[in-house]
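Enquirer: Dumping the structure here so I can ask a few things about it.
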Amino acid sequence: MVANCLFCKIAKGEIPVDKLFEDDDLVAFRDIAPQAPLHFLVIPKRHLAGPNGMVGGDEFLIGKIMAAGARLARENGVESFRFVVNEGAEAGQTVFHFHLHVLGGRAMAWPPG
Ligand code: 5GP
Ligand code: ZN
């Protein structure tokens with residue numbers, strides 16, 4: 001738990017979210033400002049700022065987050081989806097607690113802006 005970290009507070013249940021799934025390691029919840037018909041975030045419960053903060057052992061955790069994202073997309077009727085992880089402000093990161101965006105339900109452009 002990092003003080004003043006929004007997603008640590010969400011992981012602890014201190015801020016209400018539209019939760020899709022939760023286990024001991026991760027929480028999945030709908031994004032408050034959806035950019036696609038289906039847009040949810042999967043976060044580790046333990047604070048991790050982003051990919052640059054990964055340490056030994058986090059590979060399994062991030063793999064678990066991706067597997068949960070894919071499964072939850074399918075369970076919500078979306079077979080084709082986009083995963084996004086923003087690292088750093090220039091890439092668009094605004095919340096500095098690792099989160100996998102899962103977006104689907106519409107056609108996606110490439111490359112991203
Ligand atoms: P980033 O820009 O850091 O990759 O993504 C942060 C995401 O968190 C944004 O898509 C934003 O809409 C979402 N977000 C920020 N605050 C909240 C919140 O309080 N609740 C939920 N559900 N999503 C949030
Ligand atoms: Zn945090």
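Enquirer: Provide a single number: the residues in the stretch 26-36 that are within 16 Å of ligand 2 (Cβ to nearest atom) and either closer than 16 Å to Arg82 by Cα or in contact with a Phe, Trp or Tyr (Cβ under 9 Å, 6 or more places away or on another chain) (or both).
Expert: So the count comes out to 3.
Enquirer: Report, ordered by the first and then the second residue, all pairs with beta carbons closer than 7 Å, sequence separation of six or more or different chains, a first member in the stretch 37-50 that is among the basic types (Lys, Arg) and within 14 Å of ligand 2 (Cβ to nearest atom), and a second member that is part of a loop (DSSP other than H, G, I, E, B) and open to solvent by 10 Å² or more (accessible area, probe 1.4 Å).
Expert: Lys45/Asp25
Enquirer: List the pairs whose first member sits in the stretch 51-73 and is loosely packed, with under 10 Cβ neighbours inside 10 Å, whose second member is at pLDDT 95 or above, and whose Cβ atoms are under 7 Å apart, counting only residues at least 6 apart or on separate chains?
Expert: From the stretch 51-73, the pairs are Asn52/Glu87.
Enquirer: Could you please find all residues in the stretch 18-32 being open to solvent by 50 Å² or more (accessible area, probe 1.4 Å) and within 9 Å of ligand 1 (Cβ to nearest atom)?
Expert: Asp18, Arg30, Ile32
Enquirer: Taking the conditions exactly as written (among the hydrophobic types (A, V, I, L, M, F, W, C) and over 18 Å from Val84 (Cβ atoms)), does Phe7 satisfy them or not?
Expert: no
Enquirer: Let me ask something else. I'd like the residue in the stretch 90-113 that is under 19 Å from Ile32 (Cβ atoms) and more than 9 Å from ligand 1 (Cβ to nearest atom) and, out of all such residues, is most open to solvent (accessible area, probe 1.4 Å).
Expert: So the first thing to find is which residues in the stretch 90-113 are under 19 Å from Ile32 (Cβ atoms), and the list is 92-106.
When the remaining residues are screened for being more than 9 Å from ligand 1 (Cβ to nearest atom), the result is 98, 100, 102-106.
Numbers: Phe98: 8, Leu100: 4, Val102: 1, Leu103: 19, Gly104: 0, Gly105: 52, Arg106: 115 Å².
Restricting to residues being under 19 Å from Ile32 (Cβ atoms) and more than 9 Å from ligand 1 (Cβ to nearest atom), the top hit is Arg106.
Enquirer: Does Lys9 fit the bill of being within 14 Å of ligand 2 (Cβ to nearest atom), under 24 Å from Arg74 (Cβ atoms) and open to solvent by 40 Å² or more (accessible area, probe 1.4 Å)?
Expert: It is false that Lys9 is within 14 Å of ligand 2 (Cβ to nearest atom), under 24 Å from Arg74 (Cβ atoms) and open to solvent by 40 Å² or more (accessible area, probe 1.4 Å).
Enquirer: Determine if the stretch 89-99 includes at least one residue that is within 14 Å of ligand 2 (Cβ to nearest atom) and more than 23 Å from Pro112 (Cα to Cα).
Expert: Scanning the stretch 89-99 turns up no residue that is within 14 Å of ligand 2 (Cβ to nearest atom) and more than 23 Å from Pro112 (Cα to Cα).
The values are calculated or read from the model by the stated rules, or taken from the named source; none is laboratory data. These numbers were taken from a predicted model, which means no experiment stands behind them. With ideal geometry, Cβ positions are generated from the backbone for all residues, glycine too; neighbour counts draw on all protein chains shown. Remember, those area values only see protein heavy atoms, side chains included, never the ligands or the DNA or RNA. Shrake-Rupley method; radii C 1.70, N 1.55, O 1.52, S 1.80 Å.
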